[in-house]
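What follows draws every value from the coordinates through simple rules; no lab data is involved. What you are looking at is a predicted structure, and each value in this text was computed from that prediction instead of being measured. Every residue, glycine among them, receives a Cβ derived from its backbone with ideal geometry; neighbour counts consider all protein chains shown.
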Amino acid sequence: MHTQTLALDRLDQPGARQWPRYVLTGLAIFIIGLFLLLPLAAVLIEAFSEGWDLYVQAINDRYTWEAIKLTLLVAAVVVPLNTVFGIAAAWMIARFQFTGRGALTTLIDLPFSISPVIAGLIFVLVFGAHGWFGSWFAEQGFPIIFAVPGIILATLFVTVPFVARELIPLMQEQGSEEEEAAIALGAGSWTMFRKITLPKIKWGLLYGIILCNARAMGEFGAVSVVSGHIRGQTNTLPLHVEILYNEYNFTAAFAVASLLAGLAILTLVLKSLVEWQQARSLERATQ
Amino acid sequence: MSIEVRNITKAFDDFKALDNVSLNVDDGELVALLGPSGCGKTTLLRMIAGLDFVDEGEVWLNGENVTGKHIKQRGVGFVFQHYALFGHMTVFENVAFGLRVLKRNERPSEDQIRKRVHELLDLVQLDWLSKRFPAQLSGGQRQRVALARALAVEPKFLLLDEPFGALDANVRKELRRWLRRLHDELHVTSIFVTHDQEEAMEVASRIVVMDKGRIEQVGTPEAVYDRPASPFVSSFIGNVNVFHGRLQGGSLDTGGWQLPIRPPGSDDVGDDTPYAAYIRPHDFELLKSTEEKLPECRVKFIQPMGSVYRLEVVPEHAASDGLPEVIDVELPRRDFRALNLSVGERVYLRATETHWFEAGQPAVTGPR
């Protein structure tokens with residue numbers, strides 16, 4: 001921290017050569033503009049290229065609404081499940097020593113290291129029509145692949161690490177003394193979790209949930225493999241964008257894409273807010 | 001409200017933290033568990049509290065076997081080393097926590113809780129800080145809040161893990177006296193863990209000295225200091241000079257260098273028996289000249305420490321494994337002034353009190 005400030009100070013000194021500063025700053029702005037701002041602008045410009053009315057019309061399409069609903073449904077199922085799983089896994093890893101603890105930590109990271117397409121194919125292999133359990137589920141009138149359950153499963157898999165990854169280092173750093181103190185004062189496990197653990201991890205947890213939600217709504221690869229792309233039934237927003245685009249319906253494709261872009265921006269704003277709150281509570285604690 | 005520990009053993013993987021430990025604490029006592037880090041003292045405290053469970057052995061509280069019981073059912077108040085205050089709650093809410101989590105039919109009314117918390121905060125002289133958060137308090141204040149919080153549930157036993165470990169020297173001294181007074185007032189049977197022998201001597205009515213998962217000695221501060229049961233206790237409690245040698249006539253021979261002392265009652269012990277003499281710095285006398293046959297030393301270093309003078313003296317005409325490189329001597333100010341010593345001077349060394357140990361085993365302690 002200190003060395004960094006020192007280095008910057010030196011660039012700030014009168015008489016110091018100014019050009020490295022301008023070149024580096026310019027380069028950073030150029031790259032951000034070219035790779036981040038320009039595409040975002042392109043999405044919005046294309047979406048509104050034929051005017052506001054057509055934009056609204058593109059979104060107000062029956063299939064688009066079905067895609068929005070499905071995406072919200074998937075997120076509504078996946079995010080709570082992975083929140084509970086994330087807290088439980090982080091708790092196990094941060095609070096207990098057991099054989100296989102290292103393996104569990106690595107396994108949680110697995111979805112990050114596997115290509116989403118492969119993740120989707122795994123589910124096809126297990127639950128597909130020719131898969132291990134697929135025909136049995138289909139016979140029960142509950143098909144998994146090319147149906148909503150498959151989409152939820154694939155999204156669950158891909159978003160497993162977010163909450164747990166966020167909480168494990170946080171809980172390890174905080175230690176268990178306050179929790180022990182609560183128990184020693186007569187609190188039950190649930191009271192301890194509600195009154196001590198949860199308030200201490202809430203910002204980290206929220207951060208993990210936001211990231212998990214963003215990924216759950218935006219996931220393309222794994223979902224694409226298991227979905228079957230049935231309009232109005234198994235089409236999520238990202239898949240819908242692709243279908244519209246492939247049909248040369250560019251305005252509609254970009255209009256729907258702008259919804260996802262809006263979600264991304266909203267996520268970033270929320271994320272910064274949470275980070276800011278986190279920093280503030282940390283500052284208060286170390287005052 | 002007595003505490004009894006019977007033959008407790010506890011291992012963490014291969015490491016034996018406690019090895020067949022037994023201990024009795026009587027009603028109203030204030031006992032210190034003293035030892036170097038890793039000696040098992042905190043583990044023992046946590047077992048008594050019910051924060052850890054024993055591998056073998058039993059814990060009895062007030063005549064009841066509580067070995068398998070949850071900490072909630074043991075009636076203990078526990079003060080953690082780093083206070084473990086709830087950072088997101090005010091001082092008031094921290095102290096009230098134990099009352100608020102009681103079952104509905106046992107829980108006092110809001111008015112009663114408020115009254116009780118303010119009483120406790122008055123007791124630790126911190127009522128004016130009740131609306132602050134722990135992060136806004138000093139170390140000593142946090143410690144007192146932690147104590148008030150532990151006392152809120154009216155524990156029958158108070159267990160404190162290194163209560164002053166993380167505090168400045170000055171605050172520590174003040175809090176020690178304060179804890180002592182508080183204990184006299186409340187009379188709760190208490191055990192505290194410390195690695196600081198001075199702290200144990202000052203606060204505790206009895207000291208339990210531990211090393212490597214075993215209890216080395218239990219006794220009053222005076223007893224463990226004056227009559228250490230083992231070489232470990234002797235060197236852990238206070239400073240000590242160690243002389244290894246063999247008995248030779250009326251002397252201890254450290255290999256070409258004689259200290260004219262012999263263990264009391266060792267008349268029938270033959271020559272050449274190996275012994276170790278443990279002598280505290282203040283148990284030496286220095287003489288400028290003598291008729292007796294005393295070992296010669298040279299003054300190497302003089303440090304005035306206020307009421308005492310600390311001297312380092314070096315044995316003359318000697319280089320043997322059994323001798324310390326320098327011998328630490330402490331003289332009362334008056335004696336030092338009377339001697340009027342300066343660095344480089346020759347002095348004669350006389351031991352006035354020695355702890356004797358034979359081959360690591362306790363022998364006899366006494367003058368000469």
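Each Lys and Arg adds +1 at its Cβ and each Asp and Glu adds -1 at its Cβ; summed about the Cα centre, the protein assembly as shown shows a dipole of about 1780 debye.
Rounded, prolate or oblate: which one fits the stretch A:131-287, using the alpha carbon gyration tensor with axes a ≥ b ≥ c (rounded when a/c is under 1.5, else prolate when a/b beats b/c, else oblate)? Because a/c hits 1.5 or more and a/b fails to exceed b/c, the stretch A:131-287 counts as oblate.
Roughly how many Å is it from the Cα centre of the stretch A:210-254 to that of the stretch B:125-176, as a whole number? Spelled out, the Cα-based centre of one part sits 58 Å from the other.
Using the Cβ atoms and a cut-off under 12 Å, what net charge is assigned to the surroundings of B:Gln73, where Lys and Arg are +1 and Asp and Glu are -1? In short, +3. When GluC sites (Glu not before Pro) are flagged only if DSSP places them in a loop and at most 13 other Cβ atoms lie within 10 Å, the longest unflagged stretch of chain B comes out as B:107-290. The mean number of Cβ atoms from other chains found within 10 Å of a Cβ in peptide A:227-234 is 0, as a whole number. Each residue of the stretch B:339-353 was assigned a 3J(HN,Hα) from its phi angle through the Karplus curve 6.51 cos²θ - 1.76 cosθ + 1.60 (θ = phi - 60°); the sequence is 6, 6, 8, 9, 4, x, 6, 8, 9, 10, 10, 10, 8, 9, 8 Hz, with glycine and proline shown as x. Between the stretch A:33-83 and the stretch B:1-58, the C-alpha centres lie 63 angstrom from each other. Averaging the sequence gap over all C-alpha pairs within less than 8 Å and six or more residues apart, then dividing by the number of residues, gives the stretch A:69-184 a relative contact order of 41 percent. Remark: spin-label model distance A:Val56-A:Leu81 equals 3.8 nm, labels positioned 7 Å along the Cα→Cβ axis. What the phi angles of the stretch B:216-225 give under the Karplus curve with 6.51, -1.76 and 1.60, with θ = phi - 60°, is a coupling list of 8, 6, 10, x, 5, x, 5, 5, 5, 7 Hz, glycine and proline written as x.
Among the GluC sites (Glu not before Pro) in the stretch A:202-286, those placed in a DSSP loop whose Cβ has at most 11 other Cβ atoms within 10 Å are A:Glu247. Just check the stretch A:119-159 against the gyration tensor rule for me: Cα atoms, a ≥ b ≥ c as the square roots of the eigenvalues, rounded for a/c under 1.5, and otherwise prolate or oblate depending on whether a/b exceeds b/c. Oblate. Scanning chain A for trypsin sites (Lys or Arg not before Pro) that sit in a DSSP loop and have at most 16 other Cβ atoms within 10 Å, the longest stretch containing none of them is A:18-230. Less than 5 angstrom separates the built amide H of B:Thr273 from those of B:Leu247, all sequence-distant by 5 or more or on a different chain.
Say the dipole of chain B comes from +1 at the beta carbon of Lys and Arg and -1 at that of Asp and Glu; which of B:Leu126, B:Met47, B:Leu151 then lies farthest toward its positive end? Positive-most Cα among the choices belongs to B:Leu126.
Shielding by partners for peptide B:84-93, expressed as the average number of C-beta atoms from other protein chains within 10 Å of each residue's C-beta, is 4. Pairs over the 23 Å Cα-Cα cut-off, from the set B:Lys72/B:Lys212; B:Lys16/B:Lys41; B:Lys16/B:Lys156; B:Lys10/B:Lys212; A:Lys200/B:Lys156; B:Lys69/B:Lys212: B:Lys72/B:Lys212; B:Lys16/B:Lys156; A:Lys200/B:Lys156; B:Lys69/B:Lys212.
Mean separation of Cα pairs under 8 Å and 6 or more residues apart, divided by the residue count, gives chain B a relative contact order of 16 percent.
Among the trypsin sites (Lys or Arg not before Pro) found in the stretch B:160-241, those both in a DSSP coil and sparsely packed, with 16 or fewer other Cβ atoms within 10 Å of their Cβ, are B:Lys212.
Residues whose amide H falls under 5 Å from that of B:Gly77, counting only those 5 or more places apart or on a different chain, are B:Lys156, B:Phe157, B:Leu158, B:Leu159, with hydrogens built in the peptide plane. The order of B:Asp27, B:Asp226, B:Asp267, B:Asp211, going from fewest to most other C-beta atoms within 10 Å of their C-beta, is B:Asp267, B:Asp27, B:Asp226, B:Asp211.
Inter-chain neighbour count for A:173-181: the average number of beta-carbon atoms from partner chains within 10 Å of each residue's beta-carbon is 5. In order along the stretch B:199-206, the Karplus-derived 3J(HN,Hα) couplings, from 6.51 cos²θ - 1.76 cosθ + 1.60 at θ = phi - 60°, round to 4, 4, 5, 7, 9, 7, 7, 9 Hz, and Gly and Pro are given as x. Under a 5 Å amide H cut-off, with hydrogens placed 1.01 Å from N, B:Leu252 pairs with B:Leu259, B:Ile261 among residues at least 5 apart or on other chains. Report relative contact order for chain A in percent, whole number only (criteria: Cα-Cα under 8 Å, sequence separation at least 6). Reported as a whole number, the value is 28 percent.
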